[in-house]
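All remarks here apply to the structure that follows.
Rule-based calculations on the coordinates, nothing more; no lab input. Just so you know, these numbers come straight off a predicted model, no measurement behind them. With ideal geometry, Cβ positions are generated from the backbone for all residues, glycine too; neighbour counts draw on all protein chains shown.
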Amino acid sequence: MANKSSICGLKPIEQPYGTVRVHYYHASTGIAFYKYMPVDLDANGRVVVATFASNNMLLGSIVGLYDGSYGPTDEDYSYVPANPAGYGSAGLVTVAVADDPDQFFVIEEDTGGTALTAVAGGAGGSITLTATTGSTLSGFCNAVLDRSIVNTGSNHQLRLIKKLDKPDNDYGDYCKWIVSIALHRYHPSVPESARGSFI
């Protein structure tokens, strides 16, 4: 049976220990933020949309969208649009990010190139977007796994763990993969000299 597409960005799943670590960060509201959007930090320590390419760091993904303080979640938006009203002169919003270097995530495989198989486990991969940054209907980020460049190497943003074990998830188009962050902002897998700078 063919998989159905249900893009959910880079969505955290429970670690083997059953918890998801989350920290709060400020982000500029000059751009839209969606749930499960892969993010990194800028030179001011604020959350920005991650750059999706090899050798670029990831901090984690957004799991909560807040008002100008630390909560509760802002029920006015399923996502935070660019330059929303009511966020003060600083133009900042608070977001909760799953930022544990050991966190596992689920991401959907795209349809470009050859479909991945079980042997892709342990390989490196990167993220791409489908059409737009996110869906204004679901509020989810449109990030997917770019299967056309999954291979070995130490410069990929993600490390593929295995296919998500579900009865309705088979290898092929739209397969859901469990991944970890290979180039994490807090625990990069490359030497200090190769970390690169904040964007």
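What's the extension gain from Thr136 to Asp102 if we count 0.36 nm per residue and subtract their Cα-Cα distance?
Numbers: separation 34, 0.36 × 34 = 12.24 nm, distance 2.97 nm.
Once the chain is fully extended between Thr136 and Asp102, it gains 9.3 nm.
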Have a look at the DSSP beta bridges in the range 102-187 and tell me what percent are antiparallel, nearest 5.
95 percent
Local electrostatic count, Ser148, Cβ distance below 13 Å [Lys/Arg +1, Asp/Glu -1]
-3
Filtered hits (lysines, Cα-Cα < 19 Å from Lys162, offset >= 8 within chain) -> Lys4, Lys11, Lys176
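Please give the charge dipole size of the range 102-187, origin at the Cα centre, charges +1 on K and R Cβ atoms and -1 on D and E Cβ atoms. Round to the nearest 20 debye.
Numbers: 7 positive and 9 negative charges, 52 e Å.
So the magnitude is around 240 debye.
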Bins of 10 Å, starting at 0 and running to the largest distance - Cα pair percent for the range 102-187:
18, 51, 28, 3
